[in-house]
Every structure is written in structure tokens, then in C-alpha cells.
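Structure record follows, encoded as C-alpha cells.
Quick note: the coordinates plus some simple rules give every number you see, no bench work behind them. Predicted model only: the values in this text are computed from it and were never measured. With ideal geometry, Cβ positions are generated from the backbone for all residues, glycine too; neighbour counts draw on all protein chains shown.
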Amino acid sequence: MKVLAIEKDRPGTSPHDQAALLVAEAKAVWELYQGGRIREVYFREAQSQAILILETETARQAEEILAQLPLVRAGLTAFEVIGLRPYPGFARLFAS
């Protein structure tokens with residue numbers, strides 16, 4: 001299952017709060033990317049907010065994986081996790 005994960009900074013945190021963990025965060029994301037769990041990593045164009053595409057069995061599994069990231073463990077960020085499914089509308093083009 002593909003899962004969309006949108007990073008959300010916890011209220012009251014600042015970039016300074018996160019600075020000490022950014023190398024560890026990048027390493028953890030890299031390991032998940034190399035392991036095939038994270039398929040794509042982006043930042044929003046207008047702000048420093050991570051957008052991840054994961055490949056997991058369930059959305060719950062994606063939540064468990066993201067909970068292990070250093071910034072999440074420190075309580076500085078969280079993720080909105082959205083399970084995705086294939087778009088079924090194309091079948092209408094071929095219905096007889």
C-alpha cells in the first residue's frame with residue numbers, strides 16, 4: 001500500500017529545537033529509503049515541510065515506522081498519515 005505522510009511541526013517548536021537532530025533524522029530517512037519503506041521524499045515548495053511516500057502493508061504500519069524517526073521520538077514533529085488506493089475511475093473508459 002502506498003501511504004502519504006505529511007510532516008507537521010508540534011506547536012511551540014522552532015528550527016533551533018530541531019537542529020541537533022537533523023543529521024540523525026536524515027540518516028534514519030536514508031535508511032528507510034534504502035530499505036524500500038520510504039519511496040519518495042519531498043519538501044513543500046513554499047515551506048520546510050516534509051512530504052513522504054511510503055510503501056507498507058497498512059497505514060498503521062507506516063505510522064509505526066514514522067514514530068521511530070528522531071524528530072518524532074523527541075516530540076518535535078508528527079505526521080498526518082493517509083493511506084492511498086489506486087484510482088478506479090479509468091475503468092469507466094473501458095466499460096461497455
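Dipole magnitude of the chain about its Cα centre, charges +1 at Lys/Arg Cβ and -1 at Asp/Glu Cβ only, in debye to the nearest 20?
Using Cβ point charges on Lys, Arg, Asp and Glu, the chain gives about 280 debye.
Given their separation in residues at 0.36 nm each and the Cα-Cα distance between them, TRP30 and ARG10 gain 4.9 nm when the chain is fully extended.
For the peptides 39-52, 66-79, the ranking by mean Cβ contacts within 10 Å, running from highest to lowest, is 66-79, 39-52. For ARG37, the amide hydrogen comes within under 5 Å of no other amide hydrogen, counting only partners 5 or more places away or on other chains and with H modelled in the peptide plane.
With θ taken as phi - 60° and the Karplus curve 6.51 cos²θ - 1.76 cosθ + 1.60 applied, the whole-hertz 3J(HN,Hα) list for segment 67-82 is 5, 8, 5, x, 5, 6, 4, 7, x, 8, 9, 9, 10, 7, 10, 10 Hz, x standing for glycine and proline. For LEU76, no residue has an amide H sitting under 5 Å from its own, ignoring neighbours fewer than 5 places away on the same chain, with H placed 1.01 Å from N. Relative to the longest principal axis of the C-alpha atoms of the chain, give the angle of the C-alpha long axis of helix 22-34, reported between 0 and 90° and rounded to the nearest 10°. That works out to roughly 30 degrees. Across segment 36-49, rounded Karplus estimates of 3J(HN,Hα) from the backbone phi angles (6.51 cos²θ - 1.76 cosθ + 1.60, θ = phi - 60°) give x, 7, 8, 9, 9, 9, 9, 10, 4, 4, 8, 8, 8, 9 Hz, Gly and Pro being marked x.
A straight chain from MET1 to ILE51 at 0.36 nm per residue would run longer than the Cα-Cα distance by 16.4 nm.
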